């Protein structure tokens, strides 16, 4: 029987418009069955209300649906909802891997001063907290700098890709002199990694490929 992964989606953007995660699963795990579990409104609600008990309950429910669908592992595809996964993990009997887990560990391992770039406020704190959690597990203390390009995501969604990119670039260049590595807090910023690395001379970490690779690594151990 083929192995099965349940992907938790919190918006239709990365299902309909930018199928980056689906493409990576097709590339790295072509024989694995994928079940998409979607709450198309939860991310929008969290951007207005923050992480609420309702948001945690909805993510937990999606995880339970994934387990009921016969998944061997669950992949949470949203940085902003990362804090809800700790509760969801207690409700299911299969592992839940956050999209940012592997990236956060790589960042904490590689550097002592880290710049975290985001275009949506709700992704900054969860990403930073996850990096600090991984660092604590390594016995390290980090200095993390924030780079929020407020309004850039709205530009991207309205079709102003160039405006979005220039805002992120400016933020990266502002942080670069202070840090050893840059981390992109959102999958929507992934395509900018090569440009930002060239502009700053720094390694730029992004989550999608590292996240899906970590699912592959797990499934390889239980195959």
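The values are calculated or read from the model by the stated rules, or taken from the named source; none is laboratory data. These numbers come from a predicted model, not from an experiment. FYI the Cβ positions are ideal-geometry reconstructions off the backbone, even for glycines, and counts take in every protein chain you see.
Structural remarks
- Counting only helices (runs of 4 or more DSSP H) wholly contained in the stretch 126-223, the ones carrying 1 or more residues that are under 14 Å from the mean Cα position of the chain (by Cα) and surrounded by fewer than 16 Cβ atoms within 10 Å (Cβ to Cβ) occupy 207-222.
- Residue within the stretch 208-217 that is more than 22 Å from residue 97 (Cα to Cα), touching a residue at least 12 places away in the same chain (Cβ under 8 Å) and in contact with a strand residue (DSSP E or B) (Cβ under 9 Å, 6 or more places away or on another chain) present: no
- Residue 36 meets each of the listed conditions (1) part of a helix (DSSP H, G or I); (2) outside the structural domain of residue 191 (by TED's automatic domain parsing) apart from (1).
- Tally, over the stretch 73-87, of residues that are out of contact with any strand residue (DSSP E or B) (no Cβ under 6 Å at 6 or more places or on another chain) and without any contact (Cβ under 8 Å) to a residue 40 or more places away in the chain: 3
- Residues that are in contact with a helix residue (DSSP H, G or I) (Cβ under 6 Å, 6 or more places away or on another chain), part of a helix (DSSP H, G or I) and within 21 Å of residue 12 (Cβ to Cβ) within the stretch 59-87 comprise 59, 60, 63, 82, 84, listed in sequence order.
- Whichever residue in the stretch 1-33 is in a strand (DSSP E or B) and touching a helix residue (DSSP H, G or I) at 6+ places or on another chain (Cβ under 8 Å) and, among such residues, is farthest from residue 94 (Cα to Cα): 9
- Per-region count, the stretch 140-185, residues under 22 Å from residue 210 (Cβ atoms), in contact (Cβ under 8 Å) with a residue 60 or more places away in the chain and touching a strand residue (DSSP E or B) at 6+ places or on another chain (Cβ under 6 Å): 8
- Just one residue in the set 87, 110 is modelled with pLDDT under 95, surrounded by fewer than 18 Cβ atoms within 10 Å (Cβ to Cβ) and within 28 Å of residue 73 (Cα to Cα); that residue is 87.
- For residue 137, the test of being within 26 Å of residue 81 (Cβ to Cβ), in contact with a strand residue (DSSP E or B) (Cβ under 6 Å, 6 or more places away or on another chain) and modelled with pLDDT of 95 or more is failed.
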